[in-house]
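What follows is a set of notes on a single structure, which appears directly below.
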Amino acid sequence: MNKIGILGVGSYLPEKKVTNFDLAKILDTSDEWIRARTGIKERRFASPDQAASDLAANAAERAIKDAGISQEDIDLIIVGTNSPDTLYPATACLVQDKIGAKNAAAFDLQAGCTGWVYASIVGAQFIKTGMYKHVLVIGVEAITKMVDEKDRDTYVLFGDGAGATILGNVDKGGLLSSVLCADGSLAEHLILPAGGSRLPLSQEVLDKRLQYTRMNGREVFKFAVREITKVSLNAIKEAGLTVDDIRWFIPHQANLRIIEAGIKRIRIPKERVAITIDKYGNSSAATVPIALDEIYKADKIKTGDKLLMVSFGAGMTSGAFIVEWSK
Ligand code: ACO
């Protein structure tokens, strides 16, 4: 039986902390509003000379070390991101060069904040077919460079960071179920309008600040609660488990109120939920692997534990998968 598991985990957070109080100095907002509406206290900002591939390479090196393999053992790198260094080449190719994974194929996967969840499930297929042995899956964002510091609706929400995992064959446990969904009819609710082929950059675009993220917060909120409930319950069912079997629920960290509404519907007690949003904000495709690494490094995951990882995001997309921890 070809079982696929997580062989290594790593994450990297840029040093610069930005508190709500810092933001209240430049925007018409307050620590009280941000904490009450989102659960965020502070977030990390990449430095001006750090792009997504820099953060990703750091997380990748840590995951490779944790897996006990070498850079040359990596067969494929998939990067889930909304803030690539450039539209092309792929950030995954830049990471491949930075870490010296010279035998690896590399591509980016765009699935909004669900990028790392999508990339994990896509990566697992290459191992399942026997085509590759080791797949490096990264969720990374330097997304604070793509939100408008004049827009209090979005600027307070986001942070930067990277999380990485190495997927490979395991003897026991591993991937138990996976669910991926998309609904392109909702695309307009979360969009970076300019800089692509629909609306190339121009002075008019810059004047209208269309080079930054636009979000319909209420619509995204409704979608998020509905989808994390749906894909989580579907993943649990597909794995032949019950909610009680899930030791760790590791959701996308977009808003504490979304997480709370979701776990209430799924009926998962808060003690079994990984929460990092207070410290790191929403680092989009990076939140789930960063939260995974945090509980892993804190020794909170035991062999045999069942982990449910779930996300939602631009597209709009959603996805979930369950792994039985085999490390
Ligand atoms: N500081 C102070 N006031 C603010 C701020 C701010 N930063 N932002 C908005 N407000 C104001 C609004 O202007 C509004 O004022 P009004 O009543 O005078 O019009 C008031 O606060 C309430 O605004 P709402 O939009 O109703 O606030 P809500 O409770 O919906 O919270 C939020 C807004 C936090 C954005 C919420 O809708 C949300 O989290 N939505 C989901 C967003 C999300 O998940 N984004 C993820 C992006 S990417 C991804 O991960 C998929």
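Readers should treat all values here as calculations from the given coordinates under stated rules, not as data from a laboratory. In this text the structure is predicted, and so the values were computed from the model without any measurement. Note that we place each Cβ from the backbone using ideal geometry, even for glycine, and neighbour counts take in every protein chain shown.
Tabulated values for the structure
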quantity	calculated
Cα shape, the stretch 133-239, gyration tensor, a/c 1.5 rule	prolate
Among 88-98, 290-300, 139-149, the order from most to least packed when residues are scored by Cβ within 10 Å on average	139-149, 88-98, 290-300
Candidates Val205, Val220, Val18, ranked by Gaussian network fluctuation over the chain, Cα under 10 Å, top entry	Val205
Label-zone membership for the stretch 1-25, site Thr303, 7 angstrom Cα→C-beta point, backbone N under 18 Å	3-9
Ranked by how many other beta carbons lie within 10 Å on average, peptides 165-172, 263-270 from highest	165-172, 263-270
Cα gyration tensor shape for the stretch 217-312, rounded if a/c is under 1.5, else prolate or oblate	oblate
Length released on extending from Asp31 to Asp49, taking residue separation times 0.36 nm less the Cα-Cα span	3.7 nm
Anchor Lys230: aspartates and glutamates whose Cα lies under 13 Å away (excluding residues fewer than 8 positions away in-chain)	Glu238
Efficiency of FRET between Asp97 and Lys172 - r from beta-carbon atoms, R0 41 angstrom, step 0.05	0.70
Pairwise label distance in nanometres, Asp151 with Leu180, each label 7 Å out on the Cα-Cβ vector	2.7 nm
Contact order relative to length of the stretch 1-130, as percent, for alpha carbon pairs under 8 angstrom and 6 or more apart	25 percent
Charge tally in the Cβ shell below 13 Å around Ile26, where Lys, Arg are +1 and Asp, Glu are -1, Ile26 excluded	-2
FRET efficiency for Glu204 and Arg267, using Cβ-Cβ distance with R0 set to 41 Å, rounded to 0.05	0.25
Cα-Cα over 19 Å, subset of Lys172/Lys302; Lys17/Lys65; Lys3/Lys128	Lys17/Lys65
Rounded if a/c under 1.5, otherwise prolate or oblate - the stretch 10-50, Cα gyration tensor axes	oblate
Positive-end residue, the chain charge dipole about Cα centroid, Cβ charges, pick of Pro89, Pro14, Val231	Val231
Share antiparallel - DSSP beta bridges, the chain, percent rounded to 5	70 percent
Euclidean distance between Cα centres, the stretch 99-166 to the stretch 296-327, Å	15 Å
